[in-house]
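Peer 1: Take a look at the following structure, please.
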Amino acid sequence: MSEIKMIRVGAASCGVAAGALPVLAMLKEKAGDIPVLEVGCLGHCYAEPLIEVVKKDGGSVMYGKVRADETSINNILTLAEAGRFEIPAGRKSKELVKVLRLAGRIVPTCWDDYIANGGYSALKKALAMTPQAVIDEVKKSGLRGRGGGGFPTGNKWGFLAAKTAPEKILICNADEGDPGAFMDRSLMESVPHQMLEGMLIAAYATGATKAFIYCRAEYPMAIKHLRIAIGQIYEHNYNDLNGRKIEIEIKEGAGAFVCGEETAMIHSLEGERGVPRFRPPFPTDSGWKGYPSMINNVETFGNVPLILSEGGDEYAKIGTAGGRGTKLFALAGDLRNPGLVEVPMGITLGEIVFDIGGADPDGVKAVQCGGPSGGCIPVELFNTPVDYDSLRSLGAIMGSGGMIVISKKRCMVETARYFLDFTHRESCGKCTFCRVGTTRMFETLERIVAGRGEESDLDLLESLGNKIRMGSLCGLGQTAPNPVLATLRYFRHEYLAHVRDHQCGALQCGALVDVKVDHDKCIKCKLCVKTCPVGAISADDIVVDNNKCTRCNSCIEVCPKKAISRVKKGEGVRK
Amino acid sequence: MGNFSYLSGIEPESSNLIKALQLVQAKEGYVSDDAIVEVAAYFKLAPVEVEGVLSFYAQFKRVKPGRFQIAVCDGTACHIKGSNSVFKWVSNELGISDGETDADGLFSLFTVACLGCCSLAPVMSVNGTVYGNLDRKKVAKIIKEYRAK
């Protein structure tokens, strides 16, 4: 036990959800004098709760899927072989950890930890330069907005710096509303100071007088850590930018996807409905309460200290012409190792999905990039390098970095329906094409997955999609049709199977499948009969009445013999 | 009428309106008609202006929720991993649908866009505590545990 210097417990939201807190409590109880620290996210969500034991000789050993029981805890404290976790070799060789360098390594709310690891040295360096020199460095780095738009960050800074106004507003977009993305959450929870350091540098360079962080309320831990970190900044007077003090205020979002759009976010910060407006004037001309305002995303700010530390030229050595530096991706869906990864721009989709994510090469159908604003990219195109421009050319977008792997067992029409369900509800209603158009697209897709679609519906979807793109003011509307247009482009055959043959090849669309009991496997335990919420399974001969069945999958889940499954429509009918 | 004196901690400046409504919801569990009138008076706005802002945001509840609020995540990863089944299981177990509260006032059920724990999909949260990698058994067990509380 004496070999151990300290124990780090991954206690970001994912870790906590996976059960890190009981593990932490038990470790603290059993570890004696060894410090047990709550740290952020290492990105290996599939192995949570994840523990790192740092040895006195400097080495470290990790333990994955730890449980709060004697065996697990003893394994850790005795540095046993059992339960050890190794970062998969494929991931190790492809990943390039820069922005997340301190995530999971330091205590997020500990000022000294951040300082001891070079924290705020970039700010000090910046404060010794002229504001213009800082902007030039960011321009040289080639950094583009990580929120999805990909606008060159240095240029944006230049616009705000050029303004003379009584107040200039800096806003950090931490409203990670894209379902399936959690890069910003992880960065804020794990290293809150890094993004704040980026904000302070930006405030110095642009002459901003007030700063807001617009963070979604669904991220309580991120908000808590940011509040503590801001308090520490004030305490150490680090918000003093060469004699000019800046206040940083956290505003909690209230659950509206459209507020990720710049002008909508500004309205929300003003206490109004988060409705976007026409641009120009751009926010850097007239934003919050009419003052020049600039919005950057969490990850963008998170990159800034790196750029200042290593220099713009050095930073720009990584990546491609279509994107410089590294990018964080939240990998989820049908793959072995979901989690948060950081990779150099220009890496291929295949490397991310297969080498890092450990997805089954024979099982993957596509990957959805950019969430509801993005599109899916079929496995055939996985040799595409990942940067802003190449993904756009495929009908997807880089987006903020959510990447959902979709296996062959999923229906692409249903996936598109899901996204339109989301966007049509999140449409703020201002632009007719977006408000009505996305609703019509959604209804059409509902019809198709219910087996009532017609071939002409596909033309309708395409026509509507292109009109919504052109007729909407903001990014939400302009990109809302992407998931449908991309699936129509790459998976038209699936749409055709739904509308022509009324079949769902993936057996996912409830209206196009039957549920059937395989009587060769069935042992007549009647667990399914008992479980079925609608009484659709007959007790005497264990047959599913497909007219009553709601396709809730309860019976399939409870069957101990896996004798119940979904089959093609018509095949489950009692003979 | 309830006591909304805690509003005095917030500066009555229009850009703080959402913050005030969030505070009301944190204290009361929802935003009642009374609360809207109080908040409007505090900010020197018309109640309809407050309701206009409030109705835009999904976070605000206008009906008193149950003691345990179950949020089934329907983010992309959860959806891909079968969140609609999770929703049906919970809904069947409690006998209520999206946005409803059961007769005893014990459980409320609703779907949310994303809880940000995508790698543990499918997930749901009960009063903010996230439960991941759900299957039917786990869902039933979690609900049973809360029922006993």
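The values are calculated or read from the model by the stated rules, or taken from the named source; none is laboratory data. Quick caveat, the model's predicted, so the values are computed rather than measured. Note that each Cβ is placed from the backbone with ideal geometry, even for glycine, and that neighbours are counted across all protein chains shown.
Peer 1: Working only within segment A:520-541, note down all residues that are within 43 Å of the chain's Cα centre (by Cα) and more than 14 Å from chain B (Cβ to nearest Cβ). Spell out the reasoning first.
Peer 2: The initial filter retains those residues of segment A:520-541 that are within 43 Å of the chain's Cα centre (by Cα), namely A:521-522, A:525-537.
Scanning segment A:520-541 gives A:521, A:522, A:525, A:526, A:529, A:537.
Peer 1: Still on this structure: Among the residues that make up segment A:527-547, is at least one of them in contact (Cβ under 8 Å) with a residue 24 or more places away in the chain and within 28 Å of residue A:367 (Cα to Cα)?
Peer 2: Scanning segment A:527-547 turns up no residue that is in contact (Cβ under 8 Å) with a residue 24 or more places away in the chain and within 28 Å of residue A:367 (Cα to Cα).
Peer 1: What number of residues within segment A:1-41 are within 14 Å of chain B (Cβ to nearest Cβ), more than 17 Å from residue A:110 (Cα to Cα) and assigned to a loop (DSSP other than H, G, I, E, B)?
Peer 2: Number of matching residues: 2.
Peer 1: Given the conditions (1) away from every other protein chain (no Cβ under 14 Å); (2) not in a loop (DSSP other than H, G, I, E, B), report the number of the one that residue A:289 does not fulfil.
Peer 2: (1)
Peer 1: With the requirement that a residue be of a type in the set (A, V, I, L, M, F, W, C) and assigned to a helix (DSSP H, G or I), what does segment A:165-199 give you?
Peer 2: A:183, A:187, A:188, A:195, A:196, A:199
Peer 1: Looking only at segment A:162-192, filter to residues that are charged (D, E, K, R) and touching a strand residue (DSSP E or B) at 6+ places or on another chain (Cβ under 9 Å); which one of those is farthest from the other protein chains (Cβ to nearest Cβ)?
Peer 2: Within segment A:162-192, the subset charged (D, E, K, R) is A:163, A:167-168, A:175-176, A:178, A:184-185, A:189.
Remaining after also requiring touching a strand residue (DSSP E or B) at 6+ places or on another chain (Cβ under 9 Å): A:167-168, A:175-176, A:178, A:184-185.
Values: A:167: 13, A:168: 16, A:175: 12, A:176: 7, A:178: 8, A:184: 9, A:185: 5 Å.
By that ranking, first place goes to A:168.
Peer 1: Considering only residues that are surrounded by 18 or more Cβ atoms within 10 Å (Cβ to Cβ), farther than 13 Å from residue A:560 by Cβ and in contact with a Cys (Cβ under 7 Å, 6 or more places away or on another chain), which ones fall in segment A:506-541?
Peer 2: Of everything in segment A:506-541, those that are surrounded by 18 or more Cβ atoms within 10 Å (Cβ to Cβ), farther than 13 Å from residue A:560 by Cβ and in contact with a Cys (Cβ under 7 Å, 6 or more places away or on another chain) turn out to be A:506, A:508, A:509, A:512, A:513, A:515, A:532, A:536, A:537.
Peer 1: Residues of segment A:138-156 being assigned to a helix (DSSP H, G or I) and closer than 21 Å to residue A:259 by Cα, which ones? Working first, answer last.
Peer 2: Taking segment A:138-156 first, the residues assigned to a helix (DSSP H, G or I) are A:138-141, A:153-156.
Those that are assigned to a helix (DSSP H, G or I) and closer than 21 Å to residue A:259 by Cα: A:153, A:156.
Peer 1: When the residues of segment A:42-68 are filtered to those that are of a type in the set (Asp, Glu) and in a loop (DSSP other than H, G, I, E, B), which remaining residue is surrounded by the fewest Cβ atoms within 10 Å (Cβ to Cβ)?
Peer 2: Step one: list which residues in segment A:42-68 are of a type in the set (Asp, Glu), which gives A:48, A:52, A:57.
With in a loop (DSSP other than H, G, I, E, B) added as a condition, the list becomes A:48, A:57.
Values: A:48: 28, A:57: 8.
Filtering first and then ranking leaves A:57.
Peer 1: Follow-up. If you take just the helices (runs of 4 or more DSSP H) that sit entirely in segment A:403-514, which of them hold at least 1 residues that are touching a residue at least 60 places away in the same chain (Cβ under 8 Å) and not assigned by TED's automatic domain parsing to the domain that holds residue A:342?
Peer 2: Details: elements: A:412-426, A:432-449, A:456-471, A:475-479, A:482-490, A:492-500.
It comes to A:412-426, A:432-449, A:475-479, A:482-490, A:492-500.
Peer 1: Any idea how many residues of segment A:392-402 are more than 13 Å from chain B (Cβ to nearest Cβ) and either buried (at least 24 other Cβ atoms within 10 Å of the Cβ) or part of a loop (DSSP other than H, G, I, E, B) (or both)?
Peer 2: Step one: list which residues in segment A:392-402 are more than 13 Å from chain B (Cβ to nearest Cβ), which gives A:392-398.
Okay, now just the ones that are also either buried (at least 24 other Cβ atoms within 10 Å of the Cβ) or part of a loop (DSSP other than H, G, I, E, B) (or both), so A:394-398.
Qualifying residue count, segment A:392-402: 5.
Peer 1: Now a separate question. Regarding residue A:203, is this residue part of a helix (DSSP H, G or I), modelled with pLDDT of 95 or more and either within 20 Å of residue A:124 (Cα to Cα) or not assigned by TED's automatic domain parsing to the domain that holds residue A:307 (or both)?
Peer 2: Numbers: part of a helix (DSSP H, G or I): yes; modelled with pLDDT of 95 or more: yes; either within 20 Å of residue A:124 (Cα to Cα) or not assigned by TED's automatic domain parsing to the domain that holds residue A:307 (or both): yes.
Considered against the rule, which asks whether it is part of a helix (DSSP H, G or I), modelled with pLDDT of 95 or more and either within 20 Å of residue A:124 (Cα to Cα) or not assigned by TED's automatic domain parsing to the domain that holds residue A:307 (or both), residue A:203 comes out as yes.
Peer 1: Does residue A:366 satisfy being among the small types (Gly, Ala, Ser), at pLDDT 95 or above, assigned to a strand (DSSP E or B) and crowded, with 18+ Cβ neighbours inside 10 Å? Steps first, please.
Peer 2: Numbers: among the small types (Gly, Ala, Ser): yes; at pLDDT 95 or above: yes; assigned to a strand (DSSP E or B): yes; crowded, with 18+ Cβ neighbours inside 10 Å: yes.
So residue A:366 passes the test.
Peer 1: Give the residues of segment A:369-389 that are assigned to a loop (DSSP other than H, G, I, E, B) and at pLDDT 95 or above, sorted by residue number. Write out each step before concluding.
Peer 2: Kept after step one, since they are assigned to a loop (DSSP other than H, G, I, E, B), are these residues of segment A:369-389: A:370, A:374, A:382-384, A:386-387.
The answer is A:382, A:383.
Peer 1: Next up: Please go through (1) within 21 Å of residue B:84 (Cα to Cα); (2) more than 14 Å from every other protein chain (Cβ to nearest Cβ); (3) modelled with pLDDT under 95 for residue A:551 and return the number of the only condition it doesn't satisfy.
Peer 2: Only one criterion is unmet by residue A:551, namely (2).
Peer 1: If only one of A:341, A:275 is part of a strand (DSSP E or B), within 13 Å of another protein chain (Cβ to nearest Cβ) and β-branched (Val, Ile, Thr), which one is it?
Peer 2: Working: A:275 fails: part of a strand (DSSP E or B).
Selected residue: A:341, the only one of A:341, A:275 that is part of a strand (DSSP E or B), within 13 Å of another protein chain (Cβ to nearest Cβ) and β-branched (Val, Ile, Thr).
Peer 1: Something else now. When only residues in segment A:306-321 that are outside any helix (DSSP H, G or I) and touching a Gly at 6+ places or on another chain (Cβ under 8 Å) count, which is farthest from the other protein chains (Cβ to nearest Cβ)? Show your work before the answer.
Peer 2: Going residue by residue through segment A:306-321, those that are outside any helix (DSSP H, G or I) are A:311, A:316-321.
Keeping just the survivors that are touching a Gly at 6+ places or on another chain (Cβ under 8 Å) gives A:316, A:318-320.
Working: A:316: 31, A:318: 26, A:319: 25, A:320: 26 Å.
Among those that are outside any helix (DSSP H, G or I) and touching a Gly at 6+ places or on another chain (Cβ under 8 Å), it is A:316.
Peer 1: Would you say residue A:133 is modelled with pLDDT of 95 or more, surrounded by 24 or more Cβ atoms within 10 Å (Cβ to Cβ) and either of a type in the set (Ser, Thr, Tyr) or part of a helix (DSSP H, G or I) (or both)? Steps first, please.
Peer 2: Details: modelled with pLDDT of 95 or more: yes; surrounded by 24 or more Cβ atoms within 10 Å (Cβ to Cβ): no; either of a type in the set (Ser, Thr, Tyr) or part of a helix (DSSP H, G or I) (or both): yes.
No.
Conditions (1) within 38 Å of the chain's Cα centre (by Cα); (2) at positive phi, marked per residue:
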| residue | (1), (2) |
| --- | --- |
| A:490 | yes, no |
| A:501 | yes, no |
| A:511 | yes, no |
| A:517 | no, no |
| A:556 | yes, no |
| A:562 | yes, yes |
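Peer 1: Read through the list (1) within 13 Å of chain A (Cβ to nearest Cβ); (2) at negative phi; (3) in contact (Cβ under 8 Å) with a residue 24 or more places away in the chain; (4) over 17 Å from the mean Cα position of the chain (by Cα), then give the number of the only condition that residue B:51 fails.
Peer 2: All conditions pass for residue B:51, except number (3).
Residues are listed down the side, and each one gets a yes or a no for (1) surrounded by fewer than 20 Cβ atoms within 10 Å (Cβ to Cβ); (2) facing chain A (nearest Cβ under 8 Å):
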{"residue": "B:75", "(1), (2)": "no, yes"}
{"residue": "B:79", "(1), (2)": "no, yes"}
{"residue": "B:86", "(1), (2)": "no, no"}
{"residue": "B:108", "(1), (2)": "no, no"}
{"residue": "B:113", "(1), (2)": "no, yes"}
{"residue": "B:118", "(1), (2)": "no, yes"}
{"residue": "B:127", "(1), (2)": "yes, no"}
{"residue": "B:134", "(1), (2)": "no, no"}
{"residue": "B:138", "(1), (2)": "yes, no"}
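Peer 1: Give, as residue ranges, the helices (runs of 4 or more DSSP H) completely inside segment B:73-149 that count at least 2 residues that are aliphatic (A, V, I, L, M) and free of Cβ contacts under 8 Å to residues at least 40 places away in the same chain. Write out each step before concluding.
Peer 2: On the way: elements: B:76-80, B:83-94, B:136-148.
So the answer is B:136-148.
Peer 1: Return the residue satisfying two criteria in turn: it lies in segment A:21-33 and is crowded, with 17+ Cβ neighbours inside 10 Å and either touching a residue at least 40 places away in the same chain (Cβ under 8 Å) or not assigned by TED's automatic domain parsing to the domain that holds residue A:66 (or both), and of such residues it is farthest from residue A:352 (Cα to Cα).
Peer 2: Taking the candidates together, the pick is A:31.
Peer 1: Here is a check on your reading of the model: is residue B:23 surrounded by 15 or more Cβ atoms within 10 Å (Cβ to Cβ), in contact with a Phe, Trp or Tyr (Cβ under 6 Å, 6 or more places away or on another chain) and not in a loop (DSSP other than H, G, I, E, B)?
Peer 2: Working: surrounded by 15 or more Cβ atoms within 10 Å (Cβ to Cβ): yes; in contact with a Phe, Trp or Tyr (Cβ under 6 Å, 6 or more places away or on another chain): no; not in a loop (DSSP other than H, G, I, E, B): yes.
Criteria not met by residue B:23.
Peer 1: State all residues of segment A:254-271 that are outside any helix (DSSP H, G or I) and more than 8 Å from chain B (Cβ to nearest Cβ); if no residue qualifies, say none.
Peer 2: Taking segment A:254-271 first, the residues outside any helix (DSSP H, G or I) are A:254-256, A:261, A:270-271.
Result: A:261, single match.
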